[in-house]
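The values are calculated or read from the model by the stated rules, or taken from the named source; none is laboratory data. If you're wondering where the values come from, they're calculated on a predicted model, not measured in any experiment. Here Cβ is always computed from backbone atoms with ideal geometry, including for glycine, and neighbour counts include all displayed protein chains. Just so you know, the surface numbers come from the protein's heavy atoms only, side chains and all, with ligands and any DNA or RNA stripped out. Shrake-Rupley method; radii C 1.70, N 1.55, O 1.52, S 1.80 Å.
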Amino acid sequence: MKGEGLMPMKTKSILYKKIIDYIMEEISSGRLAPHQKMPTEMELMEQFQVSRVTVIKALSELTNRGIIYRVQGKGSFVDDFQEARKRELRVISLIVPFYAHESNRFDESEIIRGIEKYLRDTPYFLTIHFTEQSSELENQTIRKCLNERVDGIILYPSVDSDNIALLSELMLEKYPIVILDNFLFGLPLTCVQTNNKKGGQLATAHLIERGFDPIYFVSDHKIQLVSTRNRYFGYCTAIKEAKRSIFDGSYIVLDKYEGRANDNIHITYEENKDLFYNIINDLCRKHPDERIGIFAAHDGIALSFLQAAIDLDIPIPSRIGIIGFDDIEDGVRSAIPLSTVKQNFFEIGRTSAETVVNLIEDNESSGAVIDVDVELVQRQST
């Protein structure tokens, strides 16, 4: 709902739990009986004045606990606990680097939706664990899952993950684990990821086609992330295919610009306006007569440059063209809608679930890297 976007994150977390508490009370009181149809997502959205993402998250947790079950095209129903206890409980754990209160993350909700879509017709339940971008908490969570003898793990690693010893052990034991988004440490673990190189090529080729020259690649940190590295490689490939040169200074690292030493994972616009103003002014002084292209490693950076250009009255896209990567909702709602490369998070989730089930049932670790396709989305920023 419109009002939810203005609420603090803790309030969203309370609302998500309030929905769960309400449904549990309805079941325990007998007002909702086994196999009785639950209120619809729309009814719960209206009752609690929350977004669909928050409702889905609450229903997903109830499904994972075996409290309710879903029937495609019909809705959610109360499970029969006596019947549920008789079933063999098989569990796949999803470990993500986010915070539990980030219920409005589009990527997280779509990945979960894709996993649940595939698991719906299997005997497996899904549990979800949050590691808050902590490598230590990630290690503890993996070990807890192993101690609880879950059948398989889907791991979305934290940015600073350094659990190479633990993951090497799992690989050698052929434990069923699928890595999302980040092919870690060069280990031959099965990985499902966005085709980042293709996305980088599409974004850069689009800027070339639109007549921007020079074109800069910008990330908020060094290319320590495999996803960022592959997007940059796609950028370089498109530049070479257009018979252009990759010139010195064409790769801008925000946390190192002007001698900065900032270890933030993401540099936000509100706290760093001067940084974005300085970069745009520097580029305009350096290229007074050219149309400058900026390919940002993710939409957050792209939107920061877009807002900085608007603040500085620099025409978009006649003077500067900006394209991002991800296709987040803020890019669509921006004063100048953002061109971007769209990731298919639903398919990433669905493919990861299919892959980990295959690993469990075949008792083999393939070490394959599975690329999920991307799509160029052109809007007014280019």
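General remarks:
- Theoretical FRET efficiency, 1/(1+(r/R0)^6), r = Cβ-Cβ of Gln380 and Asp162, R0 35 Å, to 0.05: 0.25
- List Phe233, Phe125, ordered by accessible area with a 1.4 Å probe, largest first: Phe233, Phe125
- Helix axis angle, 52-64 relative to the chain longest principal axis, alpha carbon, degrees: 40 degrees
- Measuring with a 1.4 angstrom probe and ignoring ligands and nucleic acids, Glu375 comes out at about 100 Å² accessible.
- Proximity of backbone amide H atoms, modeled 1.01 Å from N, is registered between Arg291 and Asp213 at under 5 Å, excluding neighbours fewer than 5 places apart on the same chain.
- Amide proton proximity set for Phe125, modelled H, under 5 Å, gap of 5+: Arg90, Val91, Ile92
- Area of His287 that stays accessible when all protein chains are in place (1.4 Å probe, Å², to 10): 30 Å²
- Length gained on full extension, Lys174 to Cys284: 34.2 nm, using 0.36 nm per residue less the C-alpha separation.
- Loop GluC sites (Glu not before Pro), the stretch 144-252 (other Cβ atoms within 10 Å of the site Cβ: 15 or fewer; DSSP): Glu148, Glu173
- Axis of helix 135-147 versus longest Cα principal axis of the chain: the two differ by about 30°, to the nearest ten degrees.
- Size of charge dipole - the stretch 285-344 - debye, nearest 20, with Cβ of Lys, Arg +1 and Asp, Glu -1, no other charges: 220 debye
- Between the Cα long axis of helix 196-209 and the first principal axis of the chain there is an angle of about 40°, rounded to the nearest 10.
- Put simply, the amide H of Arg379, placed in the peptide plane, has neighbours under 5 Å in Ser339, Thr340, leaving out anything fewer than 5 places away on its chain.
- What the Cβ-Cβ distance of Ala335 and Ala368 gives, at R0 = 51 Å and to the nearest 0.05, is a FRET efficiency of 0.75.
- Around Phe233: net Lys/Arg minus Asp/Glu count, Cβ-Cβ under 14 Å: +3
- Using the Cβ-Cβ distance between Ala33 and Ile310 with R0 set to 56 Å, the FRET efficiency works out to roughly 0.50.
- Ordering Tyr277, Tyr16 by accessible surface, largest first, gives Tyr277, Tyr16; the 1.4 Å probe counts only protein heavy atoms, with every chain in place.
- Probe 1.4 Å, all protein chains present, accessible-area order of Thr141, Thr40, largest first: Thr40, Thr141
- Percent RCO, i.e. relative contact order, over the chain, from Cα pairs under 8 Å lying at least 6 residues apart: 17 percent
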